[in-house]
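K.L.:
Pasting in a structure now, in structure tokens, and then I'll have a few things to ask.
The values are calculated or read from the model by the stated rules, or taken from the named source; none is laboratory data. If you're wondering where the values come from, they're calculated on a predicted model, not measured in any experiment. Here Cβ is always computed from backbone atoms with ideal geometry, including for glycine, and neighbour counts include all displayed protein chains.
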Amino acid sequence: MCIRDRCTYGCIDPLAINFDNMASNPCLGDNSCCEYIPINNNCDMAMVLTPGNEIEWNTSLSTASAFNCFGNPTPDLWYTYTTSDCDMNFEIQAFSESNPSIQVYREICPSGFGEEIYCPVSPLTKLSAAAIEGDPAITYYIQINTDLSISDRGIGTLKLIENGCRGCTNSDAANFDPLAEIEDGSCICNDCPGDFNGDGDVNVSDLGGFLGTFGTSCIPPVD
């Protein structure tokens, strides 16, 4: 019950950025007016991205990291993604009226000397995309912010798309990879029956299943 002249409403959560230490009652009855800095405001608290899911991002309450590839940081948010056990191609798409900027770092946060592998070129547009040729089982950190010339804050959407594993897709090749979806030019094709490892000779290395052609050479004689 409020006492006359002492009944004030506001955010009474001390963790909120709009905490009101003069308030005696929670705003809207449940503190729903409280505002918080996003958890993924910092790289080491990056939010895990799920491939195929489009999510919303809002940098209005975030702060700027000390680093980005432009050297002119704006408030940003951080996300993370770990590739599967193959050479995985993936793409990150961001949309915002404030021209989103995507930066990608490899393995560890930039503050821990993570390798910067993607920095956009200007001019930026409302739809930004970063296509990455990922390595197997590697964690990548994604930094999202906006074009400072338009706005230092931004609201938009973010989506990560897995484009498939790279490898040899030729079923006739010695190194055919049944899991590969994207041909990477690595196929080793041989025209020598029994030369399973593609080294130009049928020898002890090819014995498994190829004993019938053991000793045959596929290298033409030198004149």
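K.L.:
Any chance region 147-158 includes a residue that's at pLDDT 80 or above and farther than 30 Å from Pro75 by Cβ?
P.N.:
No, every residue in region 147-158 fails to be at pLDDT 80 or above and farther than 30 Å from Pro75 by Cβ.
K.L.:
Working only within region 71-95, note down all residues that are surrounded by 17 or more Cβ atoms within 10 Å (Cβ to Cβ) and in a loop (DSSP other than H, G, I, E, B).
P.N.:
Pro73, Thr74, Asp76, Thr83, Cys86, Asp87
K.L.:
Any idea which of Asn163, Asn170 is of a type in the set (S, T, N, Q), at pLDDT 70 or above and closer than 30 Å to Tyr141 by Cβ?
P.N.:
Asn163
K.L.:
Quick test for you: out of Phe70, Phe90, Phe95, pick the one residue that is within 10 Å of the chain's Cα centre (by Cα), of a type outside the set (Val, Ile, Thr) and on the phi < 0 side of the Ramachandran plot.
P.N.:
Of Phe70, Phe90, Phe95, the one residue that is within 10 Å of the chain's Cα centre (by Cα), of a type outside the set (Val, Ile, Thr) and on the phi < 0 side of the Ramachandran plot is Phe90.
K.L.:
Quick one: how many residues across region 120-146 are at pLDDT below 85 and surrounded by fewer than 16 Cβ atoms within 10 Å (Cβ to Cβ)?
P.N.:
Qualifying residue count, region 120-146: 4.
K.L.:
Please state which of the following conditions Thr157 fails to meet, knowing it meets all the rest: (1) within 30 Å of Pro38 (Cα to Cα); (2) buried (at least 16 other Cβ atoms within 10 Å of the Cβ).
P.N.:
It is condition (2) that Thr157 fails.
K.L.:
What residue, of Asn40, Asn68, is assigned to a helix (DSSP H, G or I), among the polar types (S, T, N, Q) and surrounded by 14 or more Cβ atoms within 10 Å (Cβ to Cβ)?
P.N.:
From the options Asn40, Asn68, the qualifying one is Asn40.
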